[in-house]
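The values are calculated or read from the model by the stated rules, or taken from the named source; none is laboratory data. Here the structure is a predicted model, which is why all the values come from computation and not from measurement. Here Cβ is always computed from backbone atoms with ideal geometry, including for glycine, and neighbour counts include all displayed protein chains. Calculation scope for accessible area: heavy atoms of the full protein, side chains included, ligands and nucleic acids excluded. Shrake-Rupley method; radii C 1.70, N 1.55, O 1.52, S 1.80 Å.
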Amino acid sequence: MSDAVLSPSPAQRLALPALILGGLAIGSSPIFVRLSEVGPIATAVWRVALALPILFLWYRAERARGEAARPRSLADCAALALPGLFIAADLVAWHWALAITSVANATLLANLAPIFVTLGAFVLFRTPIRPVFAAGLAVAIAGVVVLKGGGFGDGALAGDALAALAAVFYGGYILAVGRLRDRFSVATVMLWTSAVAAAATLPLALLMEPTLLPPTLAGWAVLVGLSWVSQVAGQSLITYALAWLPPAFSSLTLLIQPVAAAALAWIVLAEPLGPAQGLGGALVLAGILLARRA
């Protein structure tokens, strides 16, 4: 066996750190959403729309260097549009859930996405579920439950259902992006995803939200932070990692998001952290490390 096969490339070695950093960046999104001065669907629109100028410039730079392949058929266009539809549905359901149920319930249910990714990869692509991976997934999910207080608190049933639905949509997004990364660059996937998501969420916001524009500069700063930190940085790092890491493992590793969200809520919103949160975070990390062995 050649050294090239035995030794991962520098890009491959960066995949796991990129995935973890992406999860940490997306972990900030509940804080931004709760601080937003516009409604949940309008917030989702700005999250993807404000990312488009940066992503377009990135894509153009790649095109100038000959690094970004263009879609060559309607099938390519449909494949690139699919993650955008999934993330649009995920963002609407997730942001709406945060508005009508408890943050703990919404975060707990939305982070069930690894279960749906694992099942989807098995059903659609016949990806085997190894016992060690299943054990790591169970430990990490248990960590999220402990982190969020051991179960469900007060919350609207509709909001809880929306959060669970968001997990299904995000699982579809991860699987769809994972299938694209062997053919298209990060900038191409992210530009298509964000543009389609913006086009899909804007009509809903116009129909259901009283206003799309935040009234203060602070409100705009929150939306820019949500877009540039969670969408541009977070989702781009995850998209990069999916070129080398299996979608099921990637989605499990992203359970670091609620750990980051709890820490940021403690810093920004003065929400208390106790021994349960520490234990939950430790279990999440232990589950990720265990699954990594698979």
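Tabulated results
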quantity: Choice from Leu207, Leu180, Leu245 with maximal GNM fluctuation in the chain (Cα, 10 Å cutoff); calculated: Leu207
quantity: For region 110-254: rounded, prolate or oblate by the Cα gyration tensor [a/c cutoff 1.5]; calculated: oblate
quantity: Choice from Pro40, Pro131, Pro214 showing the highest fluctuation, given a GNM over the chain with Cα pairs closer than 10 Å; calculated: Pro131
quantity: Residue-averaged 222 nm ellipticity for the chain, from DSSP H runs of 4+ at -39500 (n - 2.57), nearest 500; calculated: -23000 deg cm²/dmol
quantity: Overall form of the chain per C-alpha gyration tensor (a/c, 1.5; a/b vs b/c); calculated: oblate
quantity: Residue-count net charge about Ala99 - beta-carbon cut-off 12 Å; Lys, Arg +1, Asp, Glu -1; calculated: 0
quantity: DSSP H segments from the chain that extend 20 Å or more along their own axis, Cα-based, with Kyte-Doolittle mean of -0.5 or above; calculated: 74-100, 131-147, 157-180, 186-208, 275-292
quantity: Solvent-accessible heavy-atom area per residue, rounded to whole Å², over the chain at 1.4 Å; calculated: 46
quantity: Within a Gaussian network of the chain (alpha carbon springs, distance under 10 Å), most fluctuating of Ser73, Ser251, Ser236; calculated: Ser73
quantity: Probe 1.4 Å, all protein chains present, accessible-area order of Met208, Met190, largest first; calculated: Met208, Met190
quantity: Accessible area of Trp192 in the full protein assembly, 1.4 Å probe (Å², nearest 10); calculated: 70
quantity: Area of Tyr59 that stays accessible when all protein chains are in place (1.4 Å probe, Å², to 10); calculated: 40
